[in-house]
1. Among the residues of segment 109-168, how many are at pLDDT below 75 and among the aromatic types (Phe, Trp, Tyr)?
2. Collect the residues in segment 27-38 that are surrounded by fewer than 15 Cβ atoms within 10 Å (Cβ to Cβ) and farther than 16 Å from Leu133 by Cβ, keeping them in residue-number order.
3. Within segment 56-72, work out how many residues are over 13 Å from the mean Cα position of the chain (by Cα) and crowded, with 21+ Cβ neighbours inside 10 Å.
4. From Leu99, Leu86, which residue is of a type outside the set (S, T, N, Q), more than 14 Å from the chain's Cα centre (by Cα) and surrounded by 20 or more Cβ atoms within 10 Å (Cβ to Cβ)?
5. Can you find, within segment 86-128, the residue that is nearest to Thr40 (Cα to Cα) among those that are in contact with a Leu (Cβ under 9 Å, 6 or more places away or on another chain) and part of a loop (DSSP other than H, G, I, E, B)?
6. For the subset of segment 36-75 comprising residues that are modelled with pLDDT under 85 and among the hydrophobic types (A, V, I, L, M, F, W, C), which member is nearest to Thr126 (Cα to Cα)?
7. In segment 7-23, is there at least one residue being farther than 26 Å from Gly111 by Cβ and modelled with pLDDT of 65 or more?
8. What tally of residues in segment 102-126 results from selecting those that are exposed (fewer than 12 other Cβ atoms within 10 Å of the Cβ), closer than 30 Å to Asn60 by Cα and more than 15 Å from the chain's Cα centre (by Cα)?
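The values are calculated or read from the model by the stated rules, or taken from the named source; none is laboratory data. Keep in mind it's a predicted model, so treat the numbers as computed, not measured. Ideal geometry is used to build each Cβ from the backbone, glycine not excepted, and the neighbour counts take in all protein chains shown. With ligands, DNA and RNA removed, areas are computed over all heavy atoms of the protein, side chains included. Shrake-Rupley method; radii C 1.70, N 1.55, O 1.52, S 1.80 Å.
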Amino acid sequence: APVVVPTGLPRATPTGTPAAQVNDGSDGSITAADASYVSTGATFKKGDTQNIYDVRLTANGGNVAVTRLDVKFSERPWLTLSKLVLKDTAGNVIAEKTLSSSADASEVTVGSDYRVRFENFSYVVTPGTVSTLVISATSMSASDKITTQTVTVSIPASAILNVNGKVY
């Protein structure tokens with residue numbers, strides 16, 4: 001039986017047009033690390049939108065498409081945040097996630113580990129370039145759950161799903 005290989009994934013751009021292809025047959029991989037684009041210690045007021053986290057992505061050996069990204073919160077994000085946006089450093093929106101209830105997040109460990117997943121997008125990282133993805137959050141304009149709590153935000157292990165030119 002013939003082997004069917006899916007076509008590559010285009011990079012999401014603001015206009016929705018493909019910017020790069022991944023189906024080049026290369027065996028690329030991706031490295032993720034903390035970036036320094038977003039400052040730590042953001043303080044929110046009700047209704048604020050601020051950048052809360054960033055991740056630096058570097059491709060090696062070929063183009064790699066990031067297709068899913070999880071963000072970990074130390075508090076229940078749906079009680080204080082109304083929306084999360086995944087974007088690049090130029091402000092181009094890659095994916096958005098509205099938070100209206102606990103169904104919009106996963107509770108991994110009660111009281112300390114809550115995950116919000118961005119999925120069904122494709123962001124291509126090209127070798128020789130460094131791409132930084134930024135997560136911004138909008139706090140609820142009115143909530144009795146917003147207090148003076150400190151929330152830790154991170155990208156947990158196995159949080160980034162990607163596809164290379166060999167469709168791995």
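1. 1
2. Hit for segment 27-38 is Asp27, nothing else.
3. The number of residues fulfilling the criteria is 3.
4. Leu99
5. Out of the qualifying residues, it is Thr89.
6. Looking at the filtered set, the residue picked out is Val38.
7. no
8. Pass one, segment 102-126, residues exposed (fewer than 12 other Cβ atoms within 10 Å of the Cβ): 103, 109-111, 119-120.
Filter once more, keeping what is closer than 30 Å to Asn60 by Cα: 119-120.
Still in the list and also more than 15 Å from the chain's Cα centre (by Cα): none.
So the count comes out to 0.
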